[in-house]
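Q: The structure's right below; bear with me while I get my questions together.
Every number in this text was worked out from the coordinates using simple rules, so none of it is lab data. It should be emphasised that the depicted structure is a prediction, and the values quoted were computed from it without experimental measurement. Note: ideal-geometry Cβ built from the backbone for every residue, glycine included; neighbour counts use all protein chains shown.
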Amino acid sequence: MGKNNNLLKEFTKGIFKENPTFHIVLGLCPTLAITTSLGNALGMGIAVIFVLVFSNLVISSIRKIVPDKIRIPCFIVVIASFVTIVELLMQGYLPDLAKRLGIFLPLIVVNCIIMGRAEGFAKNHKVLPSIFDGLGMGLGFSLAILLIAGIREFLGTGKLLGRTVFLGFSPSAVFILPPGALLTLGLLLCLFKKLKKEG
Amino acid sequence: MEEKLLVSFWPHIQDRVSTKRIMWTVFLSLIPSGIAGVYFFGLHALLLIFISIFTAIITEAIIQFLRKKEITISDGSAALTGLLVAYNLSPAVPFWIPMVGSFFAIAIAKQAFGGLGRNIFNPALSARVFLLLSWPKYMTSFIKPFSGFDTVSSATPLVLYKEANLNLSNMGLSYLDLFLGKRAGCIGEVAILWLLLGAVVLLFLRIITLHIPLSFLLSFSTLSWIFSKSGFFKGDVLFSLLTGGIILGAFFMATDYVSSPLTKKGKIIFGVGCGLLTFIIRRFSGYPEGVSFSILIMNAFVPLIDRYLKPNVYGKK
């Protein structure tokens, strides 16, 4: 029972308490760049969850045979392999989405959340907790960018997932421009901090 | 209850100057320009001004109430922000534009940073840029003065100059028209005469000093005279100064106490930076006017300027 509880804790901490976007504030590059529409955020979220779970799994299982001095290059090779898999799959099956995510798809390699979890968790933990950690962190990241993308797409284009929500709503174009990303993220960070303070 | 003794930052001197007095004086000094704007563009402009001020005050009161702070709407800073937001709007915008603008100015640009005295960026200008980036369709369609109920749309002189390459006589305007404000433009920026009058009052009462406006206007004029579209040293300085929002910006927006440097040297650096950026944006960017962008960009440098030019404490090496 206790073991399952621990696994559950590793899983849930990434969603709110240690949310990678709002608490640790990592991985801001994709957070700001691709959150112009819910569709993009969904694609990026799934890609990151996949890479994070498998990189955590592999890194955790090789943690005892990797020499400490060259661990970072080793981790990068592992992460890059999974990112390449995601990239090729997406280009093959979802070419439109791959085109829209553009350079930010291969850039998942240097997404600090993935490296951060490898260094901060998978390196020192067993395989099963690492998988749950990756799952939770990936989900936390996905929920965060979905929230930002939802706000930005709705305010910036008046649509959600490409469908018009209200008629006669005059969208505020600034929200799908870069300033809108920073504005939304900043205000959500404030809100998150306040929610945390109040427990 | 109002406190009897208000202690401000040192050095101390006994005076009647207070935030309230300053804000309402600036507010009053801007009124003539607004009256001129309403005279030129009709009652719609007046309603826009009222809506903008009203929204600003209500927003400030609600946020201060929610933050459990003292409600300071009577100090006039919210009213002034609302007024300046309206002055930066085209007289043809729908009524919800000043509402969104004033809300943004107070809620995001001012209160989210901690309220009066803590806002890095000029709230009214932040709102203008927010509106400009959000709804360029509304923010860049202007009307001819005296067009009455059948509003006749018209481009501002700066747009005509930049995009259609017209000069003043092609536009059917004279320098006097520009000076009095008989041209398409934002509500509060057109009446240069009344703006200058308000500025003189503020200068006379020592509410603002000449450092920022003068360095702003001088650096801008020099650059636009030297590097003009029609060749070196051929720029029409008078035209550049009388069009767009540079007079409103230089005297009333760039001199905002909170978002401008504290020292004289700092003010001059700030002004020159504004002038340089305004020139660059007007001359080389896709936008016909760059006063608001340039002041906001320089606002971001103010903490740096202040830190660099911090005066030495007496007796310290």
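Q: Which of B:Lys162, B:Lys264, B:Lys68 moves the most in a Gaussian network model of chain B with Cα springs under 10 Å?
A: Maximum fluctuation in the GNM of chain B, among the listed residues, is at B:Lys68.
Q: Under a crude label model (7 Å from the Cα following the beta-carbon direction), how far is B:Phe301 from B:Leu176 in nanometres?
A: 4.0 nm
Q: What is the magnitude of the charge dipole of the range A:2-197 about its Cα centre, with +1 placed on the Cβ of each Lys and Arg, -1 on the Cβ of each Asp and Glu, and no other charges, expressed in debye to the nearest 20?
A: Around 560 debye, computed over the range A:2-197.
Q: Give me the tail of P(r) for the range B:237-307 as a percent: Cα-Cα pairs with distance above 22 Å.
A: For the range B:237-307, the fraction of Cα-Cα distances above 22 Å is 18 percent.
Q: Taking the dipole about the Cα centre of chain A, with the C-beta of Lys and Arg at +1 and of Asp and Glu at -1, give me whichever of A:Ala149, A:Met115, A:Leu161 is farthest to the positive side.
A: Toward the positive end, the furthest listed residue is A:Met115.
Q: Now for a different question. Assign one of three labels to chain B, namely rounded, prolate or oblate, based on the Cα gyration tensor with a ≥ b ≥ c the square roots of its eigenvalues; rounded applies when a/c is under 1.5, prolate when it is not and a/b is larger than b/c, and oblate otherwise.
A: Values: a/c = 1.88, a/b = 1.27, b/c = 1.48.
Because a/c hits 1.5 or more and a/b fails to exceed b/c, chain B counts as oblate.
Q: Quote the charge dipole size of the range B:21-164 about the Cα centre in Debye, to the nearest 20; the model charges only the Cβ of Lys and Arg (+1) and of Asp and Glu (-1). Mind dumping the intermediate values first?
A: On the way: 10 positive and 5 negative charges, 68 e Å.
I would put it at about 320 debye.
Q: First check a/c for the range B:159-224, with a ≥ b ≥ c the square roots of the eigenvalues of its C-alpha gyration tensor; if it is under 1.5, answer rounded, and if not, answer prolate when a/b is larger than b/c or oblate otherwise.
A: oblate
Q: Let me ask something else. Give me the mean projected area, in nm² to one decimal, of the convex hull enclosing the Cα positions of the range B:55-110.
A: That works out to 3.6 nm².
Q: Shifting gears a bit: Show that you can apply the helix-only estimate: for chain B, add -39,500 (n - 2.57) for every DSSP H stretch of four or more residues, divide by all residues, and state [θ] at 222 nm to the nearest 500.
A: -17000 deg cm²/dmol
Q: Also, quick follow-up: What per residue convex hull volume, in Å³, comes out for the range B:124-280 when only alpha-carbon positions are used?
A: It is 126 Å³ per residue.
Q: Taking a virtual spin label 7 Å from the Cα of B:Ser18 along the C-beta vector, which residues in the range B:59-90 bring their backbone nitrogen under 16 Å of it?
A: Under 16 Å, as judged by backbone N against the label point of B:Ser18, lie B:70-78 of the range B:59-90.
Q: Next question, about the same structure. For the range B:136-265, build the charge dipole from Cβ charges (+1 Lys, Arg; -1 Asp, Glu) around the Cα centre, then report which of B:Leu180, B:Leu210, B:Pro136 sits farthest towards its positive end.
A: Result: B:Leu210.
Q: If you average the C-alpha positions of the range B:60-94 and of the range B:205-263 separately, how far apart do those two centres end up, in angstrom?
A: 26 Å
Q: Working from Cα positions, state the angle (0 to 90°, nearest 10) between the long axis of helix B:264-284 and the longest principal axis of chain B.
A: Orientation of helix B:264-284: about 30 degrees from the principal axis.
Q: In degrees from 0 to 90, rounded to the nearest 10, what is the angle of the helix B:211-226 Cα long axis to the longest principal axis of chain B?
A: So the inclination is approximately 30 degrees.
Q: Further question on the same structure: Per q in 0.07 1/Å, what log10 I(q)/I(0) does a Debye calculation on the alpha-carbon atoms of chain A return?
A: Cα-only, vacuum Debye calculation for chain A: -0.22.
Q: Let me ask something else. When averaged across all projection directions, what area in nm² does the alpha-carbon convex hull of the protein assembly as shown cover? Mind dumping the intermediate values first?
A: Working: hull surface 131.5 nm².
Spelled out: convex hull of the Cα atoms, projected over all directions, averaged, 32.9 nm².
Q: Averaging sequence separations of C-alpha pairs under 8 Å and six or more residues apart, then dividing by the length of the range B:113-230, give the relative contact order as a whole percent.
A: Computed over the range B:113-230, the figure is 14 percent.
Q: Tell me the mean residue ellipticity at 222 nm calculated for chain A from its helices only (DSSP H runs of n ≥ 4, each -39500 (n - 2.57), averaged over every residue, nearest 500).
A: -22000 deg cm²/dmol
Q: Would you mind working out the magnitude of the charge dipole of the protein assembly as shown relative to its Cα centre, with +1 at each Lys and Arg C-beta and -1 at each Asp and Glu C-beta, to the nearest 20 Debye?
A: 1380 debye
Q: By how many degrees, between 0 and 90 and to the nearest 10, does the Cα long axis of helix B:77-87 differ from the longest principal axis of chain B?
A: On a 0 to 90 degree scale, this one is about 10.
Q: Between A:Lys64 and B:Phe113, how high is the FRET efficiency from 1/(1 + (r/R0)^6) when r is the Cβ-Cβ distance and R₀ = 41 Å? Nearest 0.05.
A: For R0 = 41 Å, the calculated efficiency reads 0.25.
Q: Looking at the range B:175-235, which chymotrypsin sites (Phe, Trp or Tyr not before Pro) are in a loop (DSSP not H, G, I, E or B) and have at most 13 other Cβ atoms within 10 Å?
A: Details: sites: B:Tyr175, B:Phe179, B:Trp194, B:Phe204, B:Phe216, B:Phe220, B:Trp225, B:Phe227, B:Phe232, B:Phe233; in loops: B:Phe233.
Listed in order of number, the matching sites are B:Phe233.
Q: Given Cα pairs under 8 Å that are at least 6 residues apart, what percent is the relative contact order of chain A?
A: Answer for chain A is 35 percent.
Q: DSSP loop (so not H, G, I, E, B), at most 12 other Cβ within 10 Å: list which trypsin sites (Lys or Arg not before Pro) in the range A:3-70 pass both filters.
A: Qualifying residues, ordered by number: A:Lys17, A:Lys64.
Q: Let me ask another. Give the lysines reachable from B:Lys316 as a straight Cα distance under 30 Å; neighbours fewer than 8 places away on the same chain don't count.
A: B:Lys264, B:Lys265, B:Lys267
Q: Now for a separate question. May I ask you to derive the FRET efficiency for A:Ile85 and A:Leu177 from their Cβ-Cβ distance with R0 = 25 Å, giving the value to the nearest 0.05?
A: Efficiency, rounded to the nearest 0.05: 0.15.
Q: Running a GNM on chain B with Cα contacts under 10 Å, which residue among B:Val190, B:Val272, B:Val85 ends up with the highest mean-square fluctuation?
A: B:Val272
Q: What whole number of Å gives the distance from the Cα centroid of the range A:125-149 to the Cα centroid of the range A:151-199?
A: Computed from Cα coordinates, the inter-centre distance equals 22 Å.
Q: By count of other Cβ within 10 Å, fewest leading, how are A:Ile76, B:Ile57, A:Ile70 ordered?
A: Least to most surrounded, the residues fall as A:Ile70, A:Ile76, B:Ile57.
Q: Tell me which lysines have Cα within less than 27 Å of A:Lys69's Cα, excluding those fewer than 8 residues away on the same chain?
A: Output for A:Lys69: A:Lys123, A:Lys126.
Q: Once the Cβ-Cβ distance between B:Leu133 and B:Leu205 is put in as r, and R0 is 56 Å, what FRET efficiency do you end up with, to the nearest 0.05?
A: Using R0 = 56 Å, I get an efficiency of 0.95.
Q: Relative contact order for chain B using alpha-carbon pairs under 8 Å, separation at least 6, rounded to a whole percent?
A: Relative contact order of chain B: 17 percent.
Q: Given the options B:Leu276, B:Leu178, B:Leu262, which has the most mean-square fluctuation in a GNM of chain B, springs set between C-alpha atoms less than 10 angstrom apart?
A: Its mean-square fluctuation being the largest, the pick is B:Leu262.
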